[in-house]
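Rule-based calculations on the coordinates, nothing more; no lab input. Since this is a predicted model, take the numbers as computed values, not measurements. Glycine also receives a Cβ, built like all others from the backbone with ideal geometry; neighbour counts cover every protein chain displayed.
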Amino acid sequence: MKRIDLYKVSIIIFFVFIPIIGVITDIFIFKSKINISSLIFKWFVFSGIGLRLLTAGLKQATNPSFTANEIFKINDEKSFTIVREIGFANISFGLIGILSIFFQEFRLAASLSGGLYFGLAGCLHLFNKNRSKNELFTMVSDYFIFFVLINLIILNI
């Protein structure tokens, strides 16, 4: 029996399902009068930047071996301190993204900093010639959120 890859499932939930459910909820339940691109921006930043980076950061800070071993194929425990530091940065970015659901003025900062982070991380993965399947998936999802955020920023500024 094939094992379900919770990492990949969580990426799809954060980048696709939660933003769709949030937009639908705002429109049909809360009868929001905000334009559709602003609603997509609101929920994409909240989930794609906020929830995604917060949970990634918590995972990296509490279990650095996953990122080191499964994403980067590094089996040296000396790398765990660096992975934890990356986790702390992700927690910080994620918190700004989560707060942007309540404070609209945080949205642009969260999308610019988080989007830049995903774009640069995608480049890092792109140039790794020994990329694992998990790293390939990570690279594609990094570029996906980067390009979606660029478009949302343009539509909403």
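Out of all the residues in the stretch 1-36, which are more than 23 Å from the chain's Cα centre (by Cα) and β-branched (Val, Ile, Thr)?
Ile27, Ile29, Ile34
Look through the stretch 13-32, keep the residues that are of a type outside the set (A, V, I, L, M) and in contact with a helix residue (DSSP H, G or I) (Cβ under 8 Å, 6 or more places away or on another chain), and return whichever of them is surrounded by the fewest Cβ atoms within 10 Å (Cβ to Cβ).
Per the criteria, the residue is Ser32.
For the stretch 1-55, which residues satisfy the criterion of being within 16 Å of Asn151 (Cα to Cα) and among the charged types (D, E, K, R)?
Selection gives Lys42 alone.
Search the stretch 64-83 for residues that are closer than 19 Å to Lys8 by Cβ and pair each with any residue that is among the acidic types (Asp, Glu) and crowded, with 16+ Cβ neighbours inside 10 Å when their beta-carbon atoms are under 9 Å apart and the residues are at least 6 apart or on different chains.
Glu70/Glu135; Ile71/Glu135; Phe72/Glu135; Lys73/Glu135
Consider the stretch 14-34. How many of its residues are free of Cβ contacts under 8 Å to residues at least 60 places away in the same chain, closer than 19 Å to Leu152 by Cα and assigned to a helix (DSSP H, G or I)? Explain how you work it out, then say what you get.
At the first step, the residues of the stretch 14-34 found to be free of Cβ contacts under 8 Å to residues at least 60 places away in the same chain are 14, 16-34.
Right, trim to closer than 19 Å to Leu152 by Cα and you get 14, 16-24, 26-27, 32-34.
When the remaining residues are screened for being assigned to a helix (DSSP H, G or I), the result is 14, 16-24, 26-27.
Adding up the residues that qualify gives 12.
Of the conditions (1) touching a helix residue (DSSP H, G or I) at 6+ places or on another chain (Cβ under 6 Å); (2) exposed (fewer than 13 other Cβ atoms within 10 Å of the Cβ), Asn35 fails just one. Which one is it?
Among (1) touching a helix residue (DSSP H, G or I) at 6+ places or on another chain (Cβ under 6 Å); (2) exposed (fewer than 13 other Cβ atoms within 10 Å of the Cβ), the lone unmet condition for Asn35 is (1).
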